[in-house]
Every structure is written in structure tokens, then in C-alpha cells.
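The values are calculated or read from the model by the stated rules, or taken from the named source; none is laboratory data. These numbers were taken from a predicted model, which means no experiment stands behind them. Positions of Cβ are backbone-derived with ideal geometry, glycine not excepted, and every protein chain shown enters the neighbour counts. For the accessible areas, the whole protein counts, side chains as well, though only heavy atoms, and no ligand, DNA or RNA atoms are used. Shrake-Rupley method; radii C 1.70, N 1.55, O 1.52, S 1.80 Å.
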Amino acid sequence: MKIEHFPPEFETALPVLEKITAAGFEAYFVGGCVRDFLLHHLIHDVDIATNATPHEIAQLFPKYFDLGIEHGTIAVLERGETYEITTFRTEQGYEDFRRPSQVTFVRSLKEDLKRRDFTMNALAVDTNGNLIDLFDGLKDLEEKIIRAVGEPEERFSEDALRMMRGVRFAGQLGFSIEEKTFAAMKKRHDLLEKIAVERIRVEFEKLLLGDFATSGLQAFLDSELYRCTPHLLGEDKALKTLLHALQKQTLENPVLAWTLLYDFTSKKVGIETFLRAWKLSKNLMNDVKKLTAFLPVRKTRMLNTWEVYQLGNSLSQQLEMLMIYYQEEVDLAGVTEVFEQLPIKNKSELDLSGDDLLKNFQYPAGLWVGAALALAEKNVVIHRWPNEKNSLLEKMAEEFPWNKYLK
Ligand code: ATP
Ligand code: MG
């Protein structure tokens, strides 16, 4: 097959490949970008494979970054874009069922394509648009089949992450996993134990956010891979509930995904333990924890003014979006209205400071200052007190529990 018209992403990268071929080497578009192009999907990064060594590439491109030259990857900057260029390699010495301990640069494209995980990811395109398809990847793409390159069990034993990538692609593309490939996953699911949680999480998140998350989850369940992921052993019921829920609507972001997943589990461990085990980033963890705290309330009624204020606009909207999975009415406009009518949107807008309190009341600094500010904040937010300094000081004189703080 010949590709007559390159997509713009390939067109912009073409001079990079041509520079390599002009120097007497081979260069190809390879992997995910070729797959995504053939599927008419958005191409996120253009990966280039070559028989030139990283040092040979570095000589051709003065502006390069070392992304692991000893593993054969270098990035070059060309017309404001960066491209990852990977030297053809085979991988050896898969110790412990994960990443190879050693890579060997090879001069043949075939050897390089052979080490790739699935046939749909083992396609290459040369500068003239010729598709190099040594493992019938195009046919599998057309038939929507995820098939390991070579002997599946061997390939999953070399690198167990590939099994997670397999179910992830099922979740993103809605493809089915070829029988032998799937049987090998099921047989060797236990090897996933060897893989760093961070890498499993990346794949699992992509699965959950995929357009076909239900297919991905079904494969994640049926392959038993879930049993080797943090705190999901024994949670098959939760995963089935999630699968069922996602038939309604796909998930928009990781905050929603983790909140929903945790809520469906049996909660044998607390949210903190669960998220930590999955090694979520701090920010993501904080957001999920906040939504998790307010979810039980929202399941019974709309959030009130104070709750919307505490959660903030964005998270309040997200919490509302989750309601679709609980057969509740989703009222995003209602949340917007509550937020917009808040007298202050955050603490810094309060017309009262610690200094104001100290100056006005002349008591020594102490815990009472923070407590008084908190009282003012809450009463302003719930429209009980106007946000105006003098009137706040008056209200404080009347309503603050002074004797609790000043002995
Ligand atoms: P995405 O769209 O998520 O980027 P991708 O297939 O491009 O998917 P990458 O991690 O960017 O995934 O990897 C690029 C290519 O490298 C893949 O298409 C595949 O050919 C190869 N590859 C990546 N990870 C593995 C692996 N664990 N085993 C074998 N080949 C792999
Ligand atoms: Mg990619």
C-alpha cells in the first residue's frame, strides 16, 4: 500500500526524515502515529525510526536532546517541533518480566518491528509513503483486532506491561483482542505484579477514559489482570458496576474516573490508601479526595451555598457531572447559578483581615483570630453577613464566642 497524501503532522516531519535519508540512512514513521493516521484519529506524536545510531543522528541535527542515547532514543528540534528518533533495536535480557536490561542496535527495520507489541503498532511508512507491513498489521487494523507480534506468551513474558497496553487499546479503540493473544494474557496475568504501578496506572487511566472503556474493562476483568493491580483484587463486582455505569456516558477526565471507581469499590481501604497505592499525582489525589468527600451529600440533595464555595466551581461542576452515573438529574446550570451568586469566591475577597481584628479588638494575637476570620467567611458566604469591614467587626463583637477563646 502506498500513502498518497501525508497528513500535516507527517508533512511537517518529512524534512527530518529526508535529512536522515540524504545522509545515507533509512528513516520511517513508525508505531502509534502510523496506526492513528490509518484510523483517521488525531496523531499526537510522530515517532521516527532509523538505522542511524543516536550519535550519527546527533551529528546531523545540532539541536538534539538526549532521551536515553544508550537505549537508542534522541529527540531533535526542527522548525519548532521536537521529534523522537529511535534507532532500530532489539531488546534482550528481559529480567524480571519488565523492560529489557540491554538493547542492541540493529540495522534492519524488520528486527525493530519484531520487538513491537501489537501488529497494529508494528507498521512503518517511508518518505515516499510506502507502508511497510511485515506482520499483517493493516489487515488487523481493518478487522479491528489487537494481535501480539509473534508468540503472545513469549512477548508478554518479556514485558508484562504489554498486556495492560492490550486492554488499554481495547478501551480506546473498541477492538477485540485476538484469541491466542487474549489466552496468553489470561494465562500470564500474574506477571503484571512485576510492573511498576506508575506504568500500570498510565495504561489503566487511558483505558478508563477511552471511547470504548466498557470493552477495555471487560477485557481487564476477563483476563484477570485486575487481580494484580492495587486494591482491585476481589473488586470484580465494583468493576462490573463501573462497566455498567460507563455504558451511559464515557468519562471526561481522570478526576471523575478515580472518584467513580473508588465509590463503587467495597471501600475496605480508605480513599487515601487506595489512591496512594495507585501512585496518583498530588493534585489529582486532592481533587479526587474532595469529590469523594462531597459525593455522599450530592447523592441525596444539591450542594448548598457553603458546599459549593468549599468545593469551588470546577469541582462542583464535576461532581454534578457524576450524577449521570447515579440516575440523578444533572443540573450544571443550577451549580453555576449558586457559584455565581456567591458573595465571595474565595477567602482573599473577604473584607476583613487578621490585622483588622487585632487593631479593632486589641486582644493579644492567638487562636481567636483564625476562628473569627473563619466565622466571618462562613457567614458572608451564606449571605448572612454583608462583606463589609465595619459591619463585620460589629457582627464579630456580638456573635463571636469570645469566652471560648479569651480566658
Ligand atoms: P499512544 O497513542 O498512547 O502514544 P503508542 O502505541 O504510540 O500509543 P507509545 O508508548 O507512544 O504508544 O509507543 C510507541 C510505539 O513503541 C508503539 O506503537 C509500539 O510500536 C512500541 N512500544 C511501546 N511500548 C511497547 C512495549 N511495552 N513493548 C513493545 N513495543 C512497545
Ligand atoms: Mg505514541
Counting only DSSP loop positions in segment 1-61, the GluC sites (Glu not before Pro) whose Cβ has at most 14 other Cβ atoms within 10 Å are 4
For the chain, with only Lys/Arg (+1) and Asp/Glu (-1) charged at the beta-carbon, what is the dipole magnitude about the Cα centre, in debye rounded to 20?
1380
Antiparallel %, DSSP beta bridges [both residues in the chain], to 5:
80
Please find, in a Gaussian network model of the chain (springs between Cα atoms separated by less than 10 Å), the residue of 300, 229, 214 whose mean-square fluctuation is greatest.
300
Here, segment 1-135 modelled as identical Cα point scatterers in vacuum has Debye log10 I(q)/I(0) at q = 0.10, 0.13, 0.20 Å⁻¹ of -0.30, -0.52, -1.23
Name the residue farthest towards the positive end of the dipole of the chain from the options 306, 196, 400, assuming +1 on Cβ of Lys and Arg, -1 on Cβ of Asp and Glu, about the Cα centre.
400
For the chain, treating each Cα as an identical point scatterer without solvent, what Debye log10 I(q)/I(0) comes out at q = 0.09 1/Å?
-0.71
Three-way shape label, segment 202-331, alpha-carbon gyration tensor, a/c 1.5:
prolate
Taking Cα atoms only, helix 282-300 is inclined relative to the longest principal axis of the chain by an angle, in degrees rounded to 10, of 60
Over what distance in Å are the Cα centres of segment 103-126 and segment 282-327 separated?
46
Percent accessible area from carbon and sulfur atoms, segment 349-405, protein chains only, probe 1.4 Å:
51
Using alpha-carbon positions, what is the distance between the centroids of segment 51-70 and segment 221-258, in Å?
41
Excluding residue 235 itself, what net charge comes from residues whose Cβ is under 14 Å from its Cβ, given Lys and Arg +1 and Asp and Glu -1?
+2
Dividing the mean separation of Cα pairs under 8 Å (6+ apart) by the residue count of the chain yields a relative contact order in percent of 8
Over segment 349-405, what portion of Cα pair distances is larger than 12 Å, expressed as a whole percent?
62
Let me know the shape class of segment 145-229, please: from the alpha-carbon gyration tensor, a ≥ b ≥ c as square roots of the eigenvalues, rounded when a/c is under 1.5, otherwise prolate if a/b is greater than b/c, or oblate.
oblate
Count charges around residue 216 for me, please; just the other residues with Cβ under 9 Å from its Cβ, Lys/Arg as +1, Asp/Glu as -1.
+2
Taking the dipole about the Cα centre of the chain, with the C-beta of Lys and Arg at +1 and of Asp and Glu at -1, give me whichever of 225, 169, 15 is farthest to the positive side.
225
Computed helical MRE - 222 nm, the chain, DSSP H runs ≥ 4 contributing -39500 (n - 2.57), nearest 500:
-15000 deg cm²/dmol
Sorted by chain and then number, the residues having a modelled amide H within less than 5 Å of the amide H of residue 146, at least 5 places away or on another chain, are 176, 177, 178
How many Å² of accessible area per residue for the chain, probe 1.4 Å?
48
Around residue 353, with a cut-off of 13 angstrom between Cβ atoms, what is the net charge of the other residues, counting Lys and Arg +1 and Asp and Glu -1?
-2
